[in-house]
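Report on the following structure.
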Amino acid sequence: MPKANALLSQIESSVWGEVQQRLTAVELERGQVLQRPGEDIASVYFPTSAVLALGLETVAGESVNVTLLGREGALGAFEACGSRQSYTRATAWVAGTVWRLPASA
């Protein structure tokens, strides 16, 4: 159910039908990479049961997780509205479901 994500649950009913038609449920496995620094943002992800880890990479190629993102948020939403480029590495920390929305939407 898309509205299991706190942000999706706040979408006004007048536009919900259009948004819902563009959402795709995706099952993530632990460790699956969703985005890397410098890549174009193609999708926005709304976790429902998955937990995503956002990390920064050093010039030496090391990575450190800086935050976790769960059903309260979205991955790539700000970038999709602006630069369209990822600044973090995002991986599935806990396997589960996310709703994927094309960034162009």
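Which members of the range 51-70 meet the condition of being assigned to a loop (DSSP other than H, G, I, E, B) and under 10 Å from the mean Cα position of the chain (by Cα)? Full working, then the answer.
Narrowing the range 51-70 to residues assigned to a loop (DSSP other than H, G, I, E, B): 58-62, 70.
Scanning the range 51-70 gives a single hit, GLY70.
Got at least one residue in the range 46-56 being at pLDDT below 95, surrounded by 15 or more Cβ atoms within 10 Å (Cβ to Cβ) and under 21 Å from ARG22 (Cα atoms)?
No, the range 46-56 contains no residue that is at pLDDT below 95, surrounded by 15 or more Cβ atoms within 10 Å (Cβ to Cβ) and under 21 Å from ARG22 (Cα atoms).
If you check every pair at least six apart or on different chains, which have Cβ atoms under 8 Å apart with a residue in the range 18-30 that is touching a residue at least 24 places away in the same chain (Cβ under 8 Å) and within 19 Å of GLY70 (Cα to Cα) first and a residue that is of a type in the set (S, T, N, Q) and surrounded by 14 or more Cβ atoms within 10 Å (Cβ to Cβ) second?
ALA25/THR97; VAL26/THR97; GLU27/THR97; LEU28/THR97
If I filter the range 74-83 down to residues being out of contact with any Phe, Trp or Tyr (no Cβ under 8 Å at 6 or more places or on another chain) and either modelled with pLDDT of 75 or more or among the hydroxyl-bearing types (Ser, Thr, Tyr) (or both), which single residue comes out as farthest from LEU8 (Cα to Cα)? If you could, list the steps in order and put the result at the bottom.
The initial filter retains those residues of the range 74-83 that are out of contact with any Phe, Trp or Tyr (no Cβ under 8 Å at 6 or more places or on another chain), namely 77-78, 80-83.
Then drop every residue that is not either modelled with pLDDT of 75 or more or among the hydroxyl-bearing types (Ser, Thr, Tyr) (or both), which leaves 77, 83.
Working: ALA77: 12, SER83: 22 Å.
Ranking the candidates gives SER83 first.
The values are calculated or read from the model by the stated rules, or taken from the named source; none is laboratory data. These figures come from a predicted structure and were not determined experimentally. Note: ideal-geometry Cβ built from the backbone for every residue, glycine included; neighbour counts use all protein chains shown.
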